[in-house]
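Written below as structure tokens is the structure these notes are about.
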Amino acid sequence: MKYVAISEDAVEHLKFPKASLSVAIPVRMDDGTLKIFQGYRVRYDDTRGPTKGGVRYHPNVTLDEVQSMAFWMTFKCAALGLPYGGAKGGIALNPKELSKFELERLSRGYVDAIADFIGPDVDILAPDVYTNAMIMGWMMNQYSIIRRQLSPGVVTGKPLSMGGSLGRETATAMGAFFVIATVMPKLERLPQDTTVAVQGFGNAGGVLAELLFQAGYKVVAVSDSQGAIYSHSGLDIPRIRRSKKLVEGVQAVYCQGSVCSIPDHEVLSNAELLTLGVDLLIPAALENQITSENAAAIQAQYIFEVANGPITSAADEILVARGITVVPDILVNAGGVTVSYFEWVQNRSGLYWTEAEVHQRLQQKMVNETQQIWAIAHEQGISLRTAAYVHALSRLGNAINDKGTRDYYLNS
């Protein structure tokens, strides 16, 4: 291949998922009716270890989507040097239409259907879109009931009381912050001279915005699904986060009570936030936010992908051609799966770490892998996205080759 030496055996091996499972999940609804939900789980590759990946609840979940995300997780785990392969799962539904009782029955039913397909040494589940710690707790408990033994290592992202890890809730944001803190000095950027816009003010984007604010960056715009707010002089991110918890929307922060008196602010759309004249843009919401239609209007010099796939491949080419530095999701948002790995290790050892220890280990891992990917990009004259995949593919190729290749057998 062009940028990495990889055997034909490895290429052939990575073309196909190891195993795919489609299941029908019967759920007795609160009104007594029976409804069948379609669920999926794909284990793409386990060359480097048991597979790992989230479970999402969303109306658009399909087997093709789950397989694609499992492939992506394979490379993400390899890029971070985690002893995992990639997997993904999901159920096609709108979870907001179900009661909490129905969600519990659905979650336990999903584990009933895939129990022989997963396990602490086979495939480990985690939260994803519209799943959370409570749902992960139900799944872990159901698997333990089936196996007749406590099995906390089958699921990560659990409640702390059930074997979850300190630092897991903020892991994605913390990991992204460590990547930014590593890359920006290389670009000769000082926090106090850098303006930031964050699209997405949820668990990842909101926490990251506050971490950047505390580090001295000028966060001038943030948004959630309701809209965006902008202030040329910078936003008070801790205050906005406190207000959002009360009003459940960043737009309302400037429209209720005394907060309306904050000067120099504007209400924008999410689309307008993306094209602001800021130094650093952080898409932390949904996929496909920057496309070929708006890539030419992006003014930010640097983009860090906290969301999964926020930039389409066509848009990425445009941004690279314009000299915009894009740091890819495969690296930037890998803090979540890294601390999930820490949780799994703690479950297996029975030794649990303090939050400070988790953050220290996360920082070491994120900084080390960022340094290696940066070096590959500059040594080979390629983008950071390409470098991240080169880094991952090299590790995957070595693991596959060490099991024996055509050249090994023919030349022995």
Picking from Q226, Q149, Q346, which is most flexible by a Gaussian network model of the chain using Cα springs under 10 Å? Q149
Fewest first, what order do S313, S225 take by the number of other Cβ atoms within 10 Å? S313, S225
Among W72, L21, S99, which residue has its Cα positioned farthest towards the positive end of the charge dipole of segment 17-162, with +1 placed on the Cβ of Lys and Arg, -1 on the Cβ of Asp and Glu, and the dipole taken about the Cα centre? W72
Most mobile of P185, P26, P127 in a GNM of the chain (Cα contacts under 10 Å): P185
Determine the gain in length on full extension of the stretch E357-K403; use 0.36 nm per residue of separation and subtract their C-alpha separation, reporting nm with one decimal. 13.0 nm
When ranked by the protection proxy of mean other Cβ atoms within 10 Å per residue, highest first, what sequence do the peptides 46-53, 11-18, 347-354 form? 46-53, 11-18, 347-354
Dimensionless Rg/Rh of segment 17-162 - Kirkwood Rh, Rg from C-alpha atoms: 0.96
Using +1 at the Cβ of each Lys and Arg and -1 at the Cβ of each Asp and Glu in segment 17-162, identify which of G89, W138, T156 lies farthest towards the dipole's positive end. T156
Considering only DSSP beta bridges where both residues belong to segment 171-332, give the percentage that are antiparallel (nearest 5). 35
Summing -39500 (n - 2.57) over every DSSP H run of at least 4 residues in the chain and dividing by its residue count gives a helix-only mean residue ellipticity at 222 nm, to the nearest 500 deg cm²/dmol, of -13000 deg cm²/dmol
Which percent of the Cα-Cα distances in the chain go past 36 Å? 27
Report the charge-dipole magnitude of the chain in Debye, nearest 20, computed about the Cα centre from +1 at each Lys and Arg Cβ and -1 at each Asp and Glu Cβ. 920
How are the C-alpha pair distances of segment 62-120 spread across 10 Å bins, as whole percents from the shortest bin up? 19, 38, 33, 9
Quick one, what does Rg over Rh come out to for segment 171-332 if you take C-alpha atoms and the Kirkwood Rh? 0.95
If R0 = 51 Å, then S99 and N411, at their Cβ-Cβ distance, give a FRET efficiency to the nearest 0.05 of 0.20
Pick from F342, F117, F177: which residue has the top mean-square fluctuation in a GNM of the chain where Cα pairs under 10 Å get a spring? F117
Quick one: dipole size for segment 171-332, taken about the Cα centre, charges +1 on Lys/Arg Cβ and -1 on Asp/Glu Cβ, in debye to the nearest 20. 460
Suppose every Lys and Arg Cβ carries +1 and every Asp and Glu Cβ carries -1, with no other charges. What dipole size does segment 30-109 come out with about its Cα centre, to the nearest 20 debye? 280
A 23 angstrom limit on the alpha carbon distance is what I want to check against. Which of K15/K88; K158/K403; K244/K365; K18/K365; K15/K403; K76/K96 exceed it? K158/K403; K244/K365; K18/K365; K76/K96
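Values quoted throughout were computed directly from the atomic coordinates according to the rules given, and no laboratory measurement underlies them. No experiment lies behind these values; they were computed from the predicted model shown. For neighbour counting, all protein chains shown are included, and Cβ atoms are generated from backbone atoms with ideal geometry for every residue, glycine included.
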